[in-house]
Amino acid sequence: VLFNSLEFLVFLPVVFALYWFVARRTLRLQNLLLIGASYVFYGWWDWRFLSLIVVSSLVDFLVGLGLARTEASGRRKLLLLASLVTNLGLLGFFKYFDFFLDSFVDLLGTVGLQANRWSLGIILPVGISFYTFQTLSYTIDVYRRKIPSCRDPIAFFAFVSFFPQLVAGPIERAKSLLPQFQRERTFDLTAARDGCRQILWGFVKKVLIADNMAGHVETIFSQSDSLPGPVLVIGVFLFAIQIYGDFSGYSDIALGTARLFGFSLMRNFAYPYFSRNIAEFWRRWHISLSSWFRDYVYIPLGGSRTGSLGRLRNIILTFTISGFWHGANWTFVAWGFLNGLYYIPLMLAKSERKYLDTVANNRLLPGLREAGQILLTFALTLLAWVFFRARSLGHAFEYLAGIGSRALDLTGVDRLLPVVGLGLAFLAVEWLQRDRQHGLEIARKPLAVRWAVYYALIVVVLAFGSFGKQEFIYFQF
Amino acid sequence: VKSFLIRVGVFVGGLAAVSLLVSVVFERMVVSQTIVARQDRQWESVERPTRVLVCGDSHAWRAVDPRAFVGEDVCFNYASGGESYFQTYYKLKAVLDREEARHRPAVVLLPLEPHCFSTYREQYPINHAYWKRYLDYLDLGQRSREMARRGGQMVLSRLASYASSGSQFRALLTNAIRGRPGVRLTRGYSLDWKNLSRVPAEVVRQQARGRTRHQFAGRHHRDPLLIRYFEDCVEVCREHGCIPVLVAYPVTREYADARAALLDPAWSEAVEALLARHRSEPLHRLDAQDWFYGRRELFYDVDHLNSDGAQTFTKLLAAWLCEQGLGDVGRPGDEVAR
């Protein structure tokens, strides 16, 4: 079920009513209901791939139990290996098999050997990258003895498949989410009301902002060989807004929905486009994935405890792997690598943890220096987004070359001004709300103002939004 | 939880009221200005009987200029951009049901082109604020086995008819700001003087590839639902004593080439088989797709005629109809040499 579909409008109230009125008697019943609802939610897309979630859940549950029963180091390692092989094996097969095969054929071609190009035509199961990482974090944390193993299979299966964040995160840690499935949940009116606001804001970002950018982005990137440079710049700006609205909108809907059921999920976005350097950007963009890679890749590689060269290697490796996580294409690898490169000057200057506060706190506008830093960071991000969005590395370089070689031609720019205006207006609202958890956190405003805002937003979303056409971009990852 | 649900209930009730109010304003101020709504009003006011009724999508709408027939009151162009067979069916049925038998058109032109049967067309966005007056959503839902989707559309078209109508708002607003007059309609048709011959050949080829990729990107090139509605269109014409004439409108060579590269090779045979079902009462067909190959000055884009093209084509169409004995709509060969 897509969040932006009519089915979800029916699904959510039905599950909500069953959860709080029928299943409220026991925790086990509530968790069972959540498993059932989550499996329906996922199986609506393709029920066959439910088996992957079941396998992943079962293996990690059993591995967790096994780890609790043994202190022998060798046996513990073996159990961890079993979890890693299963989860990464599933991910590798479904996501990367065809890619590696293609790359291998290309490699043979470069040394003059011809091989038949064939692929299995494997369908990528939606959300596989998210739930495998979530269950992996559980096994690794149990292995590291950071958390106890879970003995309640129902709670564990519900944790792995929890529908609000199943297909595109946030990638939750067992330490924070699993205990929520093991203790009684009570309905919190304040949280539920704010959850509804967050869901509405998520829809605004997705349906009104991101989906209205999507068509323009597609046209510009698909015809980039002939379009003027300024149009190409606008194209990547629109893509930046699109991917942010799309993904953070999904996260907002997920967080808000979870709050309706008495759960608290981790924040995934914190106004990343107002970051003053790349390090701050990565503390604010897809926070659950960045912290996952920090804890399970960067730190195990040695983190910042090694020498400068070691740190440099760890940073580049972590970012590159993170890029590859996004998809089986060299463009994502280049995107990750480029972000790693951006990080190096900050690392050398030891300023990667410089900006931990909100920019221009208690002020309406940023200072000149802050504005310059934000613009520079945004420009670097745009450059990287070209690689992220392009079909291939060649396409990305052509796109960038097009910006340079046709820089003075302004044809077609005027037609894009309304959509650019929409993007800027969205950023302006985000700027005003940047010290809040989400853009529609307006609980302190008078009731009449709040309801007028909600009604206006809903009417505008219905009128100008685009429904049932655009899936969430991160579903493909 | 109960207190929360009460609040939600009150909110939803208020939302429904606000939404209905916006819908009414939208329909009065915006929908009534759309081309399709104005076509409806023109159709109500034209003299009866109209001998030729043009139905279909933008290919038909752009191709037939009713003023080019010898008698100006011979034809009415009721086609509209993006119109699918299922829309045509419900509209045609409603229009023919309403007409007195003696006023019904003698000939109804229906499009017979590959893109009309492609799944993309079935999923094309619909202006429900207008089409709700014709579409039978429940019947459509049953036939397409998409009760939830079509039922949802029905509810939305009643409660929030402005949904997904941003482009209409934008167009009206832009026209108002720039002081542009609305499109002028004559018997359903409007002029367009854009000229494809001014566009570089490579761009034309690119446009053709882009257009056909879009048109044939869906699941089927012969969508069963659309085939069924096409047949129903034919049936509804016959039930009302009208002669259905199937027309493949002129396109550019570039468009035809790009389409041929994508189209299911079995398409032609499948359509022949489909039409063969009507052997007892053969269907009249006019394939004009290649009539204007190499004459880009008659097109405004790769698959739509401009006003010159429409004038030329309509005269040829009138001659052809005459030749076929399909009504007194022109004198064969006296307007344009083939």
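The values are calculated or read from the model by the stated rules, or taken from the named source; none is laboratory data. These numbers come from a predicted model, not from an experiment. Heads up, the Cβs are rebuilt from the backbone with ideal geometry, glycines too, and the neighbour counts pull from every protein chain shown.
Just a yes or no: is a residue in the range B:296-315 over 22 Å from the mean Cα position of the chain (by Cα) and either modelled with pLDDT under 90 or surrounded by 15 or more Cβ atoms within 10 Å (Cβ to Cβ) (or both)? Yes - at least one qualifying residue is present in the range B:296-315. In this structure, is A:I374 of a type in the set (V, I, T) and over 24 Å from the mean Cα position of the chain (by Cα)? Spelling it out, it is not the case that A:I374 is of a type in the set (V, I, T) and over 24 Å from the mean Cα position of the chain (by Cα).
Screening the range A:130-212 for helices (runs of 4 or more DSSP H) wholly inside it with 1 or more residues that are within 14 Å of another protein chain (Cβ to nearest Cβ) and farther than 20 Å from A:A37 by Cβ returns the ranges A:189-203. Answer yes or no as to whether B:L286 is surrounded by 14 or more Cβ atoms within 10 Å (Cβ to Cβ) and under 16 Å from B:L53 (Cα atoms). So B:L286 passes the test.
In the range A:31-41 there is no residue matching the filter, namely being assigned to a helix (DSSP H, G or I), touching a Gly at 6+ places or on another chain (Cβ under 9 Å) and crowded, with 18+ Cβ neighbours inside 10 Å. Restricting attention to the range A:42-72, the residues that are assigned to a helix (DSSP H, G or I) and either among the aliphatic types (A, V, I, L, M) or without any contact (Cβ under 8 Å) to a residue 24 or more places away in the chain (or both) add up to 18.
Identify, please: which residue in the range B:25-34 is surrounded by fewer than 16 Cβ atoms within 10 Å (Cβ to Cβ) and aliphatic (A, V, I, L, M) and is, among those, farthest from the other protein chains (Cβ to nearest Cβ)? Write out each step before concluding.
Just the residues of the range B:25-34 that are surrounded by fewer than 16 Cβ atoms within 10 Å (Cβ to Cβ), to begin with: B:25, B:28-29, B:32-33.
This time we only want the ones that are aliphatic (A, V, I, L, M), so: B:25, B:29.
On the way: B:V25: 11, B:M29: 13 Å.
Top of the filtered list is B:M29.
Scanning the range B:20-57 for residues that are under 24 Å from B:S157 (Cα atoms) and part of a loop (DSSP other than H, G, I, E, B) yields a count of 5. Checking B:V95, B:V70 one by one, the residue that is more than 12 Å from B:L226 (Cβ to Cβ) and assigned to a helix (DSSP H, G or I) is B:V95 and no other. Among the residues of the range B:213-242, the ones that are in contact (Cβ under 8 Å) with a residue 40 or more places away in the chain, closer than 22 Å to B:R259 by Cβ, under 20 Å from the mean Cα position of the chain (by Cα) and away from chain A (no Cβ under 14 Å) come to 11 in all. So which residues in the range A:104-142 are small (G, A, S) and at pLDDT below 75, if there are any at all? Within the range A:104-142, A:G112, A:A115, A:S119, A:G121 qualify.
Here the condition is being of a type in the set (A, V, I, L, M), over 22 Å from A:F133 (Cα atoms) and in contact (Cβ under 8 Å) with a residue 40 or more places away in the chain; of A:L12, A:L18, it holds for A:L12 alone.
A:E370 falls short on exactly one of the conditions (1) assigned to a helix (DSSP H, G or I); (2) under 30 Å from B:A171 (Cβ atoms); (3) acidic (D, E), and that condition is (2).
For B:G333, state whether it is on the phi > 0 side of the Ramachandran plot, modelled with pLDDT under 90 and either in a helix (DSSP H, G or I) or not hydroxyl-bearing (S, T, Y) (or both). Judged against the criteria, B:G333 is a match.
Quick check on the range B:78-101. Is at least one of its residues under 21 Å from B:A318 (Cβ atoms) and either of a type in the set (D, E, K, R) or surrounded by 15 or more Cβ atoms within 10 Å (Cβ to Cβ) (or both)?
Kept after step one, since they are under 21 Å from B:A318 (Cβ atoms), are these residues of the range B:78-101: B:78-79.
Pick out the ones that are also either of a type in the set (D, E, K, R) or surrounded by 15 or more Cβ atoms within 10 Å (Cβ to Cβ) (or both) and you get B:78-79.
Scanning the range B:78-101, I find at least one residue that is under 21 Å from B:A318 (Cβ atoms) and either of a type in the set (D, E, K, R) or surrounded by 15 or more Cβ atoms within 10 Å (Cβ to Cβ) (or both), so the answer is yes.
Looking for whichever is out of contact with any strand residue (DSSP E or B) (no Cβ under 8 Å at 6 or more places or on another chain), in contact (Cβ under 8 Å) with a residue 24 or more places away in the chain and more than 14 Å from chain A (Cβ to nearest Cβ) here; the options are B:R145, B:R102, B:R158, B:R62. Which one fits? Spell out the reasoning first.
Numbers: B:R145 fails: in contact (Cβ under 8 Å) with a residue 24 or more places away in the chain; B:R158 fails: more than 14 Å from chain A (Cβ to nearest Cβ); B:R62 fails: out of contact with any strand residue (DSSP E or B) (no Cβ under 8 Å at 6 or more places or on another chain).
Unique residue meeting the criteria: B:R102.
Where residues in the range B:191-206 are of a type in the set (K, R) and more than 17 Å from B:Y293 (Cβ to Cβ), which of them is surrounded by the most Cβ atoms within 10 Å (Cβ to Cβ)? Reasoning before the result, please.
Going through the range B:191-206, the residues of a type in the set (K, R) turn out to be B:194, B:198, B:205.
Then keep just the ones that are more than 17 Å from B:Y293 (Cβ to Cβ); that gives B:194, B:198.
Numbers: B:K194: 12, B:R198: 8.
By that ranking, first place goes to B:K194.
Taking the range B:7-24 as the range and being over 16 Å from A:I458 (Cα atoms) and within 11 Å of chain A (Cβ to nearest Cβ) as the test, only B:R7 passes.
Can you tell me which residue within the range A:296-311, out of those that are assigned to a helix (DSSP H, G or I) and either among the β-branched types (V, I, T) or without any contact (Cβ under 8 Å) to a residue 12 or more places away in the chain (or both), is surrounded by the most Cβ atoms within 10 Å (Cβ to Cβ)? Going through the qualifying residues, I end up with A:V297.
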